Amino acid sequence: MLCIVCSMANCKKLRLKDAALKRLLSVVVVTLLGVLLLIVSLRTNTTPGLSELDEDLSEFTDIQSFSEKLNLPKQNEFSIRLAKINQMPPRNRDLYPKLAKDHITIVLYVHNRPQYLQVVVKSLSKVVGISETLLIVSHDGYFEDMNKIVEGIKFCQVKQIFAPFSPHVFPDSFPGVSSNDCKEKDDAGKKHCVGSPDQYGNHRSPRIVSLKHHWWWMMNTVWDGLKETRGHNGHILFIEEDHFIYPNAYRNLQLLVSLKPIKCPDCYAANLAPCDVNLRGEGWDSLIAERMGNVGYAFNWTVWRKIHRKAKEFCFFDDYNWDITMWATVYPSFGSPVYTLRGPRTSAVHFGKCGLHQGQGQTNACIDNGSVNMQVDDIDRVANIRSEWGVHVYDNQPGYKAGFKGWGGWGDDRDRQLCLNFAQMYHSYNTSLSAVTMS
């Protein structure tokens, strides 16, 4: 009997020891988890910018994997960082928490002309309705002066994206300058250099081809890549850093977009300015239908799909200008005239005096007296388009058309393949573009 009692006492002690051990292990596990979470938190907070992403980077990883399959240029650390920044949410959401239901997103694509950018940003700040929409600024590479100007914008939600495959991001390899690249009119066989010349015998210039690369990358990214705009059915407005925007531009554009299906159902787009950049409009009491312009143009996803299906035509046309490429080969391939609808008085003006890659720095070379003095009348401050107006159609306007051979600068097979890859970047291999190969 005594033995049984002792055995029971020993069992009780063992159970107590076991419970104590379990409690100790629980404390240790909780402590370790706390330490691990603290380490992760500290690591995340020491990576500037990346902790601000509104979603994980799984999508970015997918794009990276797909990029490797597409044989895109191997990204350096800076290129990878820019690609990650592109997934950050818009700024100023605390100031403008909600976008208007019928807002038209504005995309401003820029290069490296800070004086120009200051002018367009100042003009945008005075646009009626600008606080209702999202402004996306697409950079061709990274330039600190340009970045500072955009970071100072407080008048609307703003999102920055940077072309991660810009030649400006690759200082010593394609799509930038490689040490063994052919230059000017080099004979590749004799010089043992890399490159295929354009139709005029000239080899690629990275700072020139970046114009077309940036526009095509931007279009594919805005329409098919960004969380904020992919699958968007409405119109998106595209402007450049040397476009002065009038205060009534946004309200006029909203009217044009609403009137287009009624007044000009065959029009592909709406424009803020005449296709002839030297004109300011007719001043008539009439809407105007004419050929697509390149200043303040807006179209929807349906039109983008038509453009996207012409990737091969766009990427193989030997002209480094995106707009001339569109006029001379893409639009004509649609099979019918490509009209755009605009008002009789301009709401945007091209003010640039210098070419794409001039005007950098703080000199006054490209802007008279360092500023732009644009006359803005009272009629330019309010919407001046009327729904009761008819439409005047311009037929057979002068300009680049099918049959134009192009100005060259776009003959290198590597540029053409990179261009095609941009068109596939956000699509599966099941698309029709997967059949497009270099030939």
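Let me spell out the model: positive unit charges on the Cβ of Lys and Arg, negative unit charges on the Cβ of Asp and Glu, origin at the Cα centre of segment 168-282. What dipole size does that give, in debye rounded to 20?
About 180 debye.
Stretch R386-H350 to full length: gain in nm at 0.36 nm per residue minus the Cα-Cα span?
Numbers: separation 36, 0.36 × 36 = 12.96 nm, distance 2.45 nm.
Going from the current span to full extension adds 10.5 nm.
Could you give the spread of the C-alpha atoms of segment 89-213 along their three principal axes, from largest to smallest, in whole angstroms?
Taking max minus min along each principal axis of the Cα atoms, segment 89-213 gives 61, 26, 25 Å.
Can you check what the net charge comes to around D102, using other residues whose Cβ is under 15 Å from the Cβ of D102 (Lys, Arg +1; Asp, Glu -1)? Present the calculation step by step, with values, prior to reporting the outcome.
Values: positive: K98, K101, R251, K260; negative: E132.
Taking every Cβ under 15 Å from that of D102, the sum is +3.
Can you tell me the mean projection area, over all orientations, of the convex hull of segment 264-354's alpha carbons? Units nm², please.
6.5
Relative to the Cα centre, what is the charge dipole magnitude of segment 119-179, using +1 at the beta carbon of each Lys and Arg, -1 at the beta carbon of each Asp and Glu, and rounding to the nearest 20 debye?
For this selection, approximately 320 debye.
Taking the solvent-accessible surface of protein heavy atoms with a 1.4 Å probe, what is the per residue accessible area of segment 187-326 in Å²?
Numbers: 4930 Å² over 140 residues.
That works out to 35 Å² for each residue.
Could you go through segment 100-109 in sequence order and give the Karplus-derived ³J(HN,Hα) for each residue, using 6.51 cos²θ - 1.76 cosθ + 1.60 with θ = phi - 60°, rounded to whole Hz, and x for Gly and Pro?
For segment 100-109, the Karplus curve yields 4, 4, 9, 5, 10, 4, 10, 10, 10, 9 Hz.
For segment 215-336, what mean projected area does the convex hull of the alpha carbons give, in nm²?
About 8.3 nm², averaged over all directions.
Give me, ordered by chain and number, the residues 5 or more places off G408 or on other chains with an amide H under 5 Å from its own placed amide H.
D319, Y320
Give a residue-ordered list of calculated ³J(HN,Hα) values for segment 175-184 (Karplus: 6.51 cos²θ - 1.76 cosθ + 1.60, θ = phi - 60°; whole Hz; x for Gly, Pro).
x, x, 9, 9, 5, 9, 6, 5, 10, 6
Step through the residues of segment 299-306 one at a time and calculate ³J(HN,Hα) from phi using the Karplus curve (6.51 cos²θ - 1.76 cosθ + 1.60, θ = phi - 60°), rounding each to whole Hz and writing x for Gly and Pro.
9, 10, 5, 4, 5, 4, 4, 5
Sorting check: for 220-229, 155-164, which peptide has the highest mean count of neighbouring beta carbons within 10 Å, and how do the rest follow?
Listed from highest to lowest mean packing, they are 155-164, 220-229.
Under a point-charge model restricted to the Cβ atoms of Lys and Arg (+1) and Asp and Glu (-1), what is the dipole moment magnitude of segment 89-193 relative to its Cα centre, in debye to the nearest 20?
380
Can you tally the net charge around G129? Count Lys and Arg as +1, Asp and Glu as -1, for every other residue whose Cβ sits under 15 Å from the Cβ of G129.
Once all neighbours under 15 Å are counted, the net charge is +2.
Order the peptides 257-268, 111-122 from the highest to the lowest mean number of other Cβ atoms within 10 Å of their residues.
Working: 257-268: 16.6, 111-122: 22.2.
The most tightly packed comes first, giving 111-122, 257-268.
5 Å is the cut-off here: which amide hydrogens, built 1.01 Å from N in the peptide plane, fall below it relative to V107, excluding neighbours closer than 5 in sequence?
Here I136, L237, F238, I239 satisfy the definition.
Net charge within 12 Å of Y246 by Cβ-Cβ distance, Lys/Arg positive one each and Asp/Glu negative one each, not counting Y246 itself?
Local net charge: +2.
Report the label-to-label distance for K405 and E228 in nanometres (one decimal), using points 7 Å from each Cα along the Cα→Cβ vector.
According to this spin-label approximation, the distance is 4.3 nm.
Using a simple spin-label model with points 7 Å from Cα along the Cα→Cβ vector, what separation in nm is obtained for V194 and V128?
Once both label points are built, they end up 5.5 nm from each other.
The values are calculated or read from the model by the stated rules, or taken from the named source; none is laboratory data. Note that the structure is a prediction, hence the values are computed from the model and not measured. Positions of Cβ are generated from backbone atoms using ideal geometry, with glycine treated the same way; all protein chains shown enter the neighbour counts. Accessible surface areas use protein heavy atoms only, side chains included; no ligands, DNA or RNA. Shrake-Rupley method; radii C 1.70, N 1.55, O 1.52, S 1.80 Å.
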